[in-house]
Amino acid sequence: MNFMKAMWPTMNIWQHADSLVKNGQIVIDRAAGSAHPKVPEFVYPLDYGYIEGTQGGDGEGVDVWVGSSPVTAVTAIACTIDPYKNNAELKLFWRCEPGEIALIERFYAPQPQAALLVPRPGSVGGN
């Protein structure tokens, strides 16, 4: 068993999320300022993409928002439920400052999908 696998049982969800991003490759498929491909009135406030080689709730890569914080960590997680797609997903907020997290919350607010945001305790934007 390699070292990381031996460590998994002692890691919390935030450490697992950090590891997922740090050990993967982020692919930005929707740059900040670009419109949603199906709903053009929804404009992405930050870079948005997925982690290559992972699998999220929609069968595609785990979704990730990318912010500008110098802290290289997942600073929040959003759980979304989309009644049109009939799915639920997890979205990681990588290096997002509190103001950037607020922008993402405003992005989701008018959408039909519901989002529950969980800030990382004790981090940038956390409790």
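Averaged per residue, what accessible area in Å² does the chain show with a 1.4 Å probe, protein chains only?
Counting only protein heavy atoms, the per-residue value for the chain is 57 Å².
Computing the accessible area with a 1.4 Å probe over protein heavy atoms, can you report the carbon and sulfur percentage for the chain?
On the chain, the fraction of accessible area on carbon and sulfur atoms equals 56 percent.
Compute the long axis of helix 98-108 from its Cα atoms, compare it with the longest principal axis of the Cα atoms of the chain, and write down the angle in degrees, 0 to 90, nearest 10.
Computed tilt is about 50 degrees.
Rounded to the nearest 500, what is the 222 nm mean residue ellipticity of the chain from helices alone, with -39500 (n - 2.57) per DSSP H run of 4+ residues and division by all residues?
-5500 deg cm²/dmol
Taking amide H positions as placed 1.01 Å from N in the peptide plane, with prolines and chain starts having none, which residues 5 or more places from Phe42, or on another chain, fall under 5 Å of its amide H?
Close amide H contacts, sequence-distant or interchain: His36.
Give the long-range amide H neighbours of Thr54: residues separated by 5 or more places, or on another chain, with amide H under 5 Å away, using H modelled in the peptide plane at 1.01 Å from N.
Val62
The values are calculated or read from the model by the stated rules, or taken from the named source; none is laboratory data. These figures come from a predicted structure and were not determined experimentally. SASA here: full protein model, heavy atoms, side chains in, ligands and nucleic acids out. Shrake-Rupley method; radii C 1.70, N 1.55, O 1.52, S 1.80 Å.
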